[in-house]
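Working notes, beginning with the structure itself.
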């Protein structure tokens, strides 16, 4: 029997659920993944960015309920200190927390204009000014970390919390045909080849839930 349960919403659409899943796999905690019904009002409101907070994913472990992805990350780092959720180096750890917090709190234009949709591909998608600024900032973060810590992950040879936090952005760039070059393109490939990521994407392709039409953004020309 699994040690824990991770409650998620849509594998195809929920970037926060993906982050919680990657963090849990990274920690090595044995957790059964349980999706909620997408007809649930709370889950649907969160997916459509209409909720005041994000309470799914939620980790159930040792009699505790832990929601909010950053809280899940910090909890897993506490109970699995050797799993590498935080980089060992103090400077790297400080940067990791900073860019993870920036992802957690910001990039609203990117989230709302380019919703995560693993089953979609929008070649030639027209990206407006707001999300373009967010994209530039994401690439600046990636480039800086990859240059300073040498890749192939943001903080060196092993994935950590920051890689899990930015993984859904990689999928957005693929879905909406954002062109990547050099180290950023290599990092994106590294993320998509990550075993837990491949597991999630495969499950998303087989997800029985019907499309959420509000998140099926089409190209505009």
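The set of residues from segment 150-162 being touching a residue at least 60 places away in the same chain (Cβ under 8 Å) and surrounded by 20 or more Cβ atoms within 10 Å (Cβ to Cβ) comprises 155, 159, 160, 161, 162. Residues in segment 181-216 that are surrounded by 17 or more Cβ atoms within 10 Å (Cβ to Cβ) and assigned to a loop (DSSP other than H, G, I, E, B): how many? So the answer is 1.
The single condition among (1) part of a helix (DSSP H, G or I); (2) buried (at least 23 other Cβ atoms within 10 Å of the Cβ) that residue 10 does not satisfy is (1). Residue-level check: of (1) touching a helix residue (DSSP H, G or I) at 6+ places or on another chain (Cβ under 9 Å); (2) under 18 Å from residue 96 (Cα atoms); (3) assigned to a helix (DSSP H, G or I), residue 140 misses just (1). Checked against the criteria, residue 80 counts as touching a helix residue (DSSP H, G or I) at 6+ places or on another chain (Cβ under 8 Å) and over 26 Å from residue 175 (Cα atoms). Evaluating residue 6 against the criteria (1) without any contact (Cβ under 8 Å) to a residue 40 or more places away in the chain; (2) in contact with a helix residue (DSSP H, G or I) (Cβ under 9 Å, 6 or more places away or on another chain) leaves one unmet condition, (1).
FYI, it's all coordinate maths here, none of it is from the lab. None of the values given here were measured: they were computed from a predicted structure. Note: ideal-geometry Cβ built from the backbone for every residue, glycine included; neighbour counts use all protein chains shown.
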